[in-house]
Amino acid sequence: MSSMKLWGGRFAEGPSEIFEQFSNSLRFDKRLIGADIRGSQAFAKALNRVGILTGEECAQLIEAFDGISRDSQEAGFYQDADDEDVHTLVIRKLKHRVGGLADKIHTGRSRNEQVSLDIRLWLRDEIDLARELVRDLMAALVDLAVKYKDAVIPGYTHMRRAQAVLWPHYLLSYFEMFARDDERLADARRRVNVMPLGSGALAGSGFPFDREAIARDLEFDGITRNSMDVSGDRDFALDFLYASSTTLLHLSRLAEDWILYSSEEWGWLELGDQVTSGSSLMPQKKNPDSLELIRGKCGRVFGSFSSLYVTMKGLPMTYNRDMQEDKEPIFDAADQLSGCLKMARNVVETTRLNVARPALAAEESWVVATDLAEALARNGTAFHQGHKIVGRLVLESVQQGKKPSDWTAEELVAFAPEFTAEMIRYMKPEEGMRTRRVVGGTAPESVERALEAAALRLAELRK
Ligand code: ARG
């Protein structure tokens, strides 16, 4: 290898082949080529404004960059490219097109700020895409909630049946998680969307660039405030990785729930044939691979987050080559994030609820126990006393193999004088559910309002 370098004058000998290969980042940072070109075009305009490029030269460079952009879509563009990184490659291609004029493009610019700019431009688009996909998933959850509006399921704590809730209430809990993910992505975007050019390598550029004008050209919200910070900062990428990780965390919990709920043991959900696979050996199998992969990829995205987190830890100010290790985690996390969001939506859209199964699970268990204890408290029994009475009722029922529906009003009153005959209605899970009318509760009216609010929020987000 003896490729063109953006440096080299100071060296009597060239780099070893081992070092060249070891330090090369083109094979992955070529994903930044669109951003690199766009940023370089804006930079050419900035060079024109400070008099380094004439208007004509600037126009010539911008056109040449457009040409490189078109070429980069062609097969073979990267064939034989042995450039150190994408920034070097773009300048070499520029030289092919405009000759010596290309030597002016890097005036007062450093790759340290360029790489920050490129990642910001790239991430901005990825975040916008991810936010759209999050909202698509939220919409699919609302659709699935509305489809089985009255379905009752036992909610769990400690993986034990706890209290009855409406199916839409359960789905809306995920809606809330994804709504927060959308906010976190928006928050990351705010810190991504700041323009770093003009920072130079670390000390600020020696040319009086109108940095605000560059920011406007590239549709940034504003400019960075400290050149050393720009050179050493990857917080914005970590913000994205954190937002991605939390989104994947939520996706993996949904995946886990549904892997269980669609198993033979639960039998609540029927996953679509479209998102399940068979076994090469066992003909009867219908496996939830799509959900298992979502759960698996979550770990991978956490890995990307911790990878860059650890890379940045303890780095001396400002730029250090360690930071080149930022790109693969960012790229991979973005790919897994969008892939998992699309997959999850596809699963949600193709899943059916067997309403009778979770309803039976609720009826056969003692999810009504809290409802009974609260009915006693409403009638004047101190809650701890009521709790004890119902606890004994459950114990006796379990010993006798009795379900809530096996009790009659007479037996209930005979069991403890604190019970009234009309409290027998709480043996049906639906009755207790109706008492949970607080905002955020699972009573049908509350859930109805929550569904309406969710639809409104989605419409607002999509504006
Ligand atoms: N490929 C490098 C990276 O991604 C570009 C910056 C190089 N800067 C330097 N001082 N060597 O970090």
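Odds and ends about this structure:
- Its Kirkwood hydrodynamic radius, worked out from the mean inverse distance over all distinct Cα pairs, puts segment 150-216 at 16.5 Å.
- Measuring how big the chain is from its alpha-carbon positions, Rg and Dmax come out at 30.3, 101 Å.
- Helix 444-462 vs. the chain, principal-axis angle (Cα, 0 to 90°, nearest 10): 10 degrees
- In degrees, nearest ten, helix 111-147 long axis to first principal axis of the chain (Cα): 20 degrees
- Residues with amide H under 5 Å from that of Val165, placed H, sequence gap 5 or more: Ile153, Gly155
- With Cα atoms, 0 to 90° folded angle of helix 369-378 axis to the chain main axis: 70 degrees
- Over segment 1-134: Kirkwood hydrodynamic radius from C-alpha pairwise inverse distances, Å: 16.0 Å
- Listed residue (Thr107, Trp122, Gly155) projecting farthest to the positive dipole end of segment 94-168, Cβ model: Thr107
- Rounded to the nearest 20 debye, the dipole magnitude of the chain is 500 debye, with +1 charges on Lys and Arg beta carbons, -1 on Asp and Glu beta carbons, and the Cα centre as origin.
- For segment 387-463 and segment 81-159, distance of Cα centres in Å: 47 Å
- Magnitude of the charge dipole, segment 297-346, Cβ model with Lys/Arg +1 and Asp/Glu -1, debye to 20: 240 debye
- Seen from Glu364, the other residues with C-beta closer than 15 Å to its C-beta sum to a net charge of +2, counting Lys and Arg as +1 and Asp and Glu as -1.
- D_trans [Stokes-Einstein, Kirkwood Rh over alpha-carbon pairs] for segment 306-426, 20 °C, 1.002 mPa s, µm² s⁻¹: 109 µm²/s
- Under DSSP loop assignment and at most 12 Cβ neighbours within 10 Å, longest GluC sites (Glu not before Pro)-free interval of the chain: 266-463
- Note on segment 382-463: Rg/Rh from Cα positions, Kirkwood definition for Rh, rounded to two decimals, is 1.21.
- Entry note, the chain: the mean residue ellipticity at 222 nm calculated from DSSP H runs of n ≥ 4, each adding -39500 (n - 2.57), is -20000 deg cm²/dmol after division by the residues and rounding to the nearest 500.
- Karplus (6.51, -1.76, 1.60) ³J(HN,Hα), θ = phi - 60°, over segment 12-24, in Hz, Gly and Pro reported as x: 7, 10, x, x, 5, 4, 4, 5, 4, 5, 5, 9, 5
- Most positive-pole-ward Cα, Met177, Ile214, Phe240, against dipole of segment 142-299 from beta carbon charges: Met177
Read-outs: derived from the displayed coordinates by stated rules, not from any lab. A quick note: this is a predicted structure, and the numbers were derived from the prediction, not measured. Don't worry about glycine lacking a Cβ; one is built from the backbone with ideal geometry, like all the others, and counts go over all protein chains shown.
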